[in-house]
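The values are calculated or read from the model by the stated rules, or taken from the named source; none is laboratory data. These numbers come from a predicted model, not from an experiment. Counting neighbours? That spans all protein chains shown, and the Cβs are built from the backbone with ideal geometry, glycine included. Each accessible area value is taken on the protein alone, full model and side chains, heavy atoms only, with ligands, DNA and RNA left out. Shrake-Rupley method; radii C 1.70, N 1.55, O 1.52, S 1.80 Å.
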Amino acid sequence: MAAPPAALLLPALALLAAPAAARAPPRSIAVVGAGLGGSAVTYFLQQHFGPQVQLDVYEPAGVGGRLATVTVNKQQYESRGASIHALSLHMQDFVKILGLKHRREVPGKSAIFSGEHFVLEETDWYLLNLFRLWWHYGISFLRLQMWVEEVMEKFMRIYKYQAHGYAFSSLEELLRSLGGDAFVNMTQRSVAESLLEVGVTQRFVDDVIAAVLRSSYGQSVLVPAFAGAMSLVGAQGSTWAVDGGNKLVCSGLLKLTKANVIPARVTGVSLHSSEGRPLYQVHYEGSEGQGSAFYDMVVVTTPLHPSRSNFTFENFEPPIADFPGAFQPSVTSVVHGYLNSSYFGFPDPKLFPFASILTTDTPDLFFNAMDNICPVNISAAFRRKQPQEAAVWRVLSQQPLDKRQLKTLFRSYYSVQVTEWQTYPRYDAAKSLPPIVLHENLFYLSGVEWVASSMEMIAVAAKNVALLAYNRWHQDLEKIDQKDLMHKVKTEL
């Protein structure tokens, strides 16, 4: 047989070498929940798939989720989720993109209370604070700082990976890419064990570490080391908040993406198929009754654990397993009143110097922390209330405060607004991390809170889910669960 002419062979070879046509983007994506996770993943999904994709966000309550505010005397105050760390790069980007501003910082001193006396008091002098830490705890605070900085230095790699489009199909793979098996192990051993191992004293753990974790997670020093490290980062470094309220990030991102926010509670997802591809039917309940809609992709950003929802999955084979674990009850009481400084050892309220009180893990203590909070809008003329004046205090506890407990903390009060949450995972309740991929194009974002729970962790998880969804949709496996990523990223620069 004669060889084919070169004029015919070259076009054929060119056709073989040409990349396959890019797959059309999904027609529609459902996002369940309009808290920070839902609004952030909606923004990132549109970034990657483009503005032509229909984005429906289901939210039965207000946009913002736990980034909620309460109103006292016609001014709004953060009820939870108040502080954002300076190294929270995604949150920084959101504020910049949306044209928001950092709220002006109003300084205030902190102290740690044992139920009988203050075990540690902050002063206005930095060197004196360091001396007191050294005097009480030796170099434990330096060992803590070194440990936290080492964790954060590795954690910050995630931003480089995500900037290059890399994603992870499980929380274990994400952690392993940042800090190897050591990071995965940090989800299985306690922060107390890890700190004692690096030379932090038991007394420092009992006084300082316990107080920080009680104020952030409402739990003890037995929380996993990685979750503890993320909490301790916020306690050490400079923090900020959004002027006007942190929930403006959520509403701003949804407005920017022009997402369709549907005021309904999603009750479940059932699997169907269309042209050989999975199609997901989202079932929901709204003010007008029950309904459903079909989507090419679904991202669930609300907790799926039985204690938090009765979410059902139908027609999946194998069935989607139940999610183990429970959530920690938490109560926020926003009290407008006069502090009872005598309870804290200051008979003269004018001499009480603290704006924030953390507590040790003492059986008789009925609250985890309390702070004199400022409104979400702070004018240039704003000043913090003097200790003898009526002020707005936020009290964190595990149970609602009764009248006797309120009278212990306050001489008198004008109002009390109570919000009961199941905010954070109870970290001793499960030994395995939840999956990210529930089905081919069905993703679970909220499982990241079992690694650590903070605004930036949720934003990082939102970016990862959006990248993972995009890479899986276009079958770009070279961007998923890659090993030795630091080397790959350096060679791509």
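Things worth noting here:
- Restricting 79, 110 to residues that are under 30 Å from residue 436 (Cβ atoms), under 25 Å from the mean Cα position of the chain (by Cα) and polar (S, T, N, Q) narrows the list to 79.
- Across the range 384-412, the qualifying residues are those that are free of Cβ contacts under 8 Å to residues at least 24 places away in the same chain and part of a loop (DSSP other than H, G, I, E, B), and the one among them that is farthest from residue 355 (Cα to Cα) is 402.
- In the range 156-190, of all residues being hydrophobic (A, V, I, L, M, F, W, C) and without any contact (Cβ under 8 Å) to a residue 40 or more places away in the chain, the one that is least open to solvent (accessible area, probe 1.4 Å) corresponds to 178.
- Among the candidates 427, 413, 444, the residue that is hydroxyl-bearing (Ser, Thr, Tyr) and open to solvent by 20 Å² or more (accessible area, probe 1.4 Å) is uniquely 413.
- Residue in the range 286-304 that is of a type outside the set (A, V, I, L, M, F, W, C), surrounded by 15 or more Cβ atoms within 10 Å (Cβ to Cβ) and outside any loop (DSSP other than H, G, I, E, B) present: yes
- Residue among 199, 218 that is at pLDDT 95 or above and on the phi > 0 side of the Ramachandran plot: 199
- Spans of helices (runs of 4 or more DSSP H) in the range 29-143 with at least 2 residues without any contact (Cβ under 8 Å) to a residue 60 or more places away in the chain and open to solvent by less than 10 Å² (accessible area, probe 1.4 Å): none
- Pairs with Cβ under 7 Å, 6+ apart, first in the range 465-488 and under 13 Å from residue 168 (Cβ atoms), second basic (Lys, Arg) and open to solvent by less than 60 Å² (accessible area, probe 1.4 Å): 471/479
- Among the residues making up the range 421-464, those that are polar (S, T, N, Q) and more than 21 Å from residue 241 (Cα to Cα) are 422, 432, 441, 446, 464.
- Some residue of the range 211-222 being under 17 Å from residue 361 (Cα atoms), in contact (Cβ under 8 Å) with a residue 24 or more places away in the chain and of a type in the set (D, E, K, R): yes
- Verdict on residue 151 being part of a helix (DSSP H, G or I) and without any contact (Cβ under 8 Å) to a residue 24 or more places away in the chain: no
- Among residues of the range 345-364, those that are surrounded by 15 or more Cβ atoms within 10 Å (Cβ to Cβ) and in contact with a helix residue (DSSP H, G or I) (Cβ under 9 Å, 6 or more places away or on another chain), counted: 9
- Between 269, 198, the distinction of being crowded, with 21+ Cβ neighbours inside 10 Å and β-branched (Val, Ile, Thr) belongs to 269 only.
- Considering the conditions (1) part of a loop (DSSP other than H, G, I, E, B); (2) in contact (Cβ under 8 Å) with a residue 60 or more places away in the chain, residue 357 is excluded by exactly one of them, (1).
- For the range 154-180, residues that are in a loop (DSSP other than H, G, I, E, B), polar (S, T, N, Q) and out of contact with any strand residue (DSSP E or B) (no Cβ under 6 Å at 6 or more places or on another chain) total 1.
- Scanning the range 370-389 for residues that are surrounded by 13 or more Cβ atoms within 10 Å (Cβ to Cβ) and more than 19 Å from residue 78 (Cβ to Cβ) yields 387, 388.
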